[in-house]
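Worksheet for the structure shown next.
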Amino acid sequence: MPGALSAQEALYARLAAEVCSCMQEITTQRPRGYARVCLLRVARGNITEVEKLLGRPLGSDHPRDMAELLGYMTAYLAADCPFLLTLEAAPEVTEYRWSDRRLSNTDTGRLRFPKSPAPDPVTEQLAEAPQRRVITGKVVGVARKHLTLASENNGEIRLEIPPRLRRKLSYQVGDEQQFSYRLEWRIKEERVVKVLLE
């Protein structure tokens, strides 16, 4: 019995050495694929011993045969095949998973990134500061909130009077002078209004 065990161990060691020397011939192929080719090449080269070791004809269940044969040789390959030490492990790739689902406070393994912020409400949108404009005209209409001017070049122009100026102004129909105004964009009303300045 001890003699049979030592003969098997010697066979495992010899097959492992052959696989190791075969793998050193790798040039362009990936090591994992070439290791399978070497294992199959060595098994077919020693078919009588391998079939006796497996207890069945080689190739009847190819994946199972190779896995079992490799199991016998793994310890010898790990101990006596310095070529395996030269193979670098593939770099670990971090896979990020994105989700719209709100995470609970107990989930600490994932990073959360905010989506693009929602646009500002229409009433809070900003525009460039309006420019001051000047017009010379004659007052043809006075109302509580509006002043209507007649201008030679621009025809009739309606200026809105802001609330803070309504009590201060005392224009009369027929007054002719220079007026300053600015353009104000009324987003909700979708129109531009001329607003009187001091």
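Phi angles of the stretch 38-49 translate, via the Karplus equation with coefficients 6.51, -1.76, 1.60 and θ = phi - 60°, into HN-Hα couplings of 5, 4, 5, 4, 5, 5, 6, x, 10, 4, 5, 5 Hz per residue; Gly and Pro are given as x.
Evaluated at q = 0.14, 0.25 Å⁻¹, a Debye calculation over the C-alpha positions of the stretch 130-196 (equal weights, vacuum) places log10 I(q)/I(0) at -0.40, -1.20.
3J(HN,Hα) along the stretch 144-156: 4, 10, 9, 10, 10, 10, 10, 10, 5, 7, 10, x, 8 Hz, from the Karplus curve 6.51 cos²θ - 1.76 cosθ + 1.60 with θ = phi - 60°, whole Hz, x for Gly and Pro. Listed values for the stretch 167-181 are Karplus-derived 3J(HN,Hα) couplings in whole Hz (6.51 cos²θ - 1.76 cosθ + 1.60, θ = phi - 60°), namely 7, 7, 7, 9, 7, 10, 4, x, 5, 10, 6, 8, 10, 9, 8, and x replaces Gly and Pro.
DSSP beta bridges fully contained in the stretch 130-196 are about 95 percent antiparallel.
Rank the residues Ile161, Ile187 as a footprinting-exposure proxy: fewest other Cβ atoms within 10 Å of their Cβ go first. Mind showing how you got there, number by number?
Numbers: Ile161 18, Ile187 11.
Result, fewest neighbours first: Ile187, Ile161.
Read-outs: derived from the displayed coordinates by stated rules, not from any lab. This one's a predicted model, so the numbers in the text were calculated from it and none came from an experiment. Virtual Cβ from ideal backbone geometry, glycine too; neighbours counted across all protein chains shown.
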